[in-house]
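To keep things clear, I will list the structure first and then write my remarks on it.
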Amino acid sequence: MTIKAITFRKDGFYTQPFAFGGEEGPAKFDPNVRYRGALTNYLIDTGDEVILVDTGLPAGTPEEVPDEKSPAFTGRDVGTYLSQFRALGYAPEQVTKILLTHKHADHSGELRSFPNAKIYVNEEELSAAELQGIPNLVPVKFTDGAYYNFPACQKIRDGIYYVRAKGHTNGNSIVIVELDGLFYMIHGDITYVDEALYADKLSVVFDDLPAARETLDRVRAFIRNHPTVYVSTHTPQGYENLAAKRVMDLDHPVETIFEEYDFAGMAGTGKYVCSVCGYVYDPAEHDGTAFEALPEDWKCPRCKQPKARFNKA
């Protein structure tokens, strides 16, 4: 069994207030501190099955154009999710299962592109707008009891477990792969950057703050008691940890490499993109109303994040 990274955006960033400010508030942290960002989902090749954990942004999602005030930026396109998937030598028809960590479009965007796959999704996510009209959904009820210190899991097959991890969304889940004596924890947005895991901080994006805190506490306790490779979506540390088989040591963080971003010469199209869920605001679809003209209390129609979470496209 092997785990492979599908990286489709690089050279993004997440500011410290965005990545750390969930409980204490963004104002407590330095907006000039930018941690490296990327977008990566993962593939598990068991030898007789090809299993995906999440399926990237929808093809055609425009790149964002951040500025000095942007709290988050998902990065520049390396390719589409599907082109990067194919570059690993696989065809969509080979995928048998997709394990969805949560509903947001940077995780669910290409679910329709895998015709033979059963899509495992926490039953609490089934009403999400991103999942409407998608065939082959398998609602997961977590009937296989506890997985170590996590109260509820579903065993997908030997060595692969789908674990309930509510907080970031109400149906958030993580995938744990047991391989060669290590535990590979593949997650969506438990943290956006590994620095937040080490510092024990929650991001500003959550449906249920107390549940997000409980989940992060369980994740950290698990890591302290099991040799865990922490495999993230939103930071290059995810695929770096995977490649190095790096076991997380919460008391000895890996040295941070900060993102140095050049904001000069960036032009926009008039469209704006939600840096959390990928929703694209196009004035042409809203009676020509410019994004800047929207009221300050306007929220993303998909994930309900505030206007400040949007970047120019």
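Bear in mind these aren't lab numbers, they're just calculated from the coordinates by the rules spelled out. Quick caveat: nothing in here was measured; it's all calculated off a predicted structure. For neighbour counting, all protein chains shown are included, and Cβ atoms are generated from backbone atoms with ideal geometry for every residue, glycine included.
Extension gain, A87-E68: 0.36 nm per intervening residue step, less the Cα-Cα distance, totals 3.4 nm. When only Cα pairs below 8 angstrom with a gap of at least 6 residues are kept, the chain shows a relative contact order of 19 percent.
Compute, for the chain, the length of the dipole vector about the Cα centre, with Cβ point charges of +1 (Lys, Arg) and -1 (Asp, Glu) only. Units Debye, rounded to 20. Display every interim value, and only then the final one.
Numbers: 32 positive and 45 negative charges, 101 e Å.
Charge dipole of the chain: 480 debye, to the nearest 20.
Shown for D249, D30, D262: other C-beta atoms within 10 Å of each C-beta, ranked fewest to most, produce the order D262, D30, D249.
Using the Karplus relation 6.51 cos²θ - 1.76 cosθ + 1.60 with θ = phi - 60°, the per-residue 3J(HN,Hα) values for the range 69-79 come to 9, 5, x, 7, 8, 6, x, 8, 5, 8, x Hz, with x marking Gly and Pro. The three principal axes of the Cα atoms in the range 272-312 give end-to-end lengths of 24, 18, 16 Å, sorted in falling order.
What does the charge add up to near A72, with Lys and Arg as +1, Asp and Glu as -1, over the other residues with Cβ less than 15 Å from its Cβ? If you can, show how the numbers build up before the last one.
Working: positive: R9, K10, R34, R36, K69, R76, K201, K307, R309, K312; negative: D11, D30, E63, E64, D67, E68, D106, D189, E195, E259.
Net charge in that neighbourhood comes out at 0.
Summing Lys, Arg as +1 and Asp, Glu as -1, what charge do residues with Cβ under 11 Å from the Cβ of G268 carry, G268 excluded?
Details: positive: K271, K312; negative: E63, E64, D67, E292.
Here the charged neighbours net out to -2.
Projected label points at A221 and F263, each 7 Å from Cα along the beta carbon direction, are separated by 4.2 nanometres.
If you look at the Cα atoms of the range 1-143, you get an Rg and a Dmax of 16.7, 50 Å.
In the chain, what percentage of the DSSP-assigned beta bridges are antiparallel, given to the nearest 5?
For the chain, the DSSP antiparallel bridge percentage is about 75.
The peptide list 99-109, 167-177, 137-147, 190-200, put in order of mean Cβ contacts within 10 Å with the highest first, becomes 99-109, 167-177, 190-200, 137-147. About its Cα centre, the dipole of the range 252-313 is roughly 300 debye, where the only charges are +1 on Lys and Arg Cβ and -1 on Asp and Glu Cβ. Each Lys or Arg adds one and each Asp or Glu takes one away; over the other residues whose Cβ falls under 10 Å from the Cβ of N116, this sums to +1. Per-residue ellipticity at 222 nm computed for the chain from its helices equals -4000 deg cm²/dmol, with DSSP H segments shorter than 4 residues left out and the rest contributing -39,500 (n - 2.57). Between the range 148-183 and the range 8-55, the alpha-carbon centres lie 18 Å apart.
Each part gets one Cα centre, and for the range 193-242 versus the range 243-276 those centres are 15 Å apart. Between E255 and R112, the contour length at 0.36 nm per residue exceeds the Cα-Cα span by 47.6 nm. For the chain, the convex hull drawn through the C-alpha positions has a volume of 129 cubic angstrom per residue.
Panel order for I160, I223, by other beta carbons found within 10 Å of each beta carbon, from fewest to most: I223, I160. Using a Förster distance of 22 angstrom, determine the FRET efficiency expected from the C-beta separation of V247 and N149, and round it to 0.05. Calculated value: 0.80. For the range 302-309, backbone phi angles converted through the Karplus equation (6.51, -1.76, 1.60; θ = phi - 60°) give residue-by-residue couplings of 9, 10, 6, 6, x, 4, 5, 7 Hz, Gly and Pro being listed as x.
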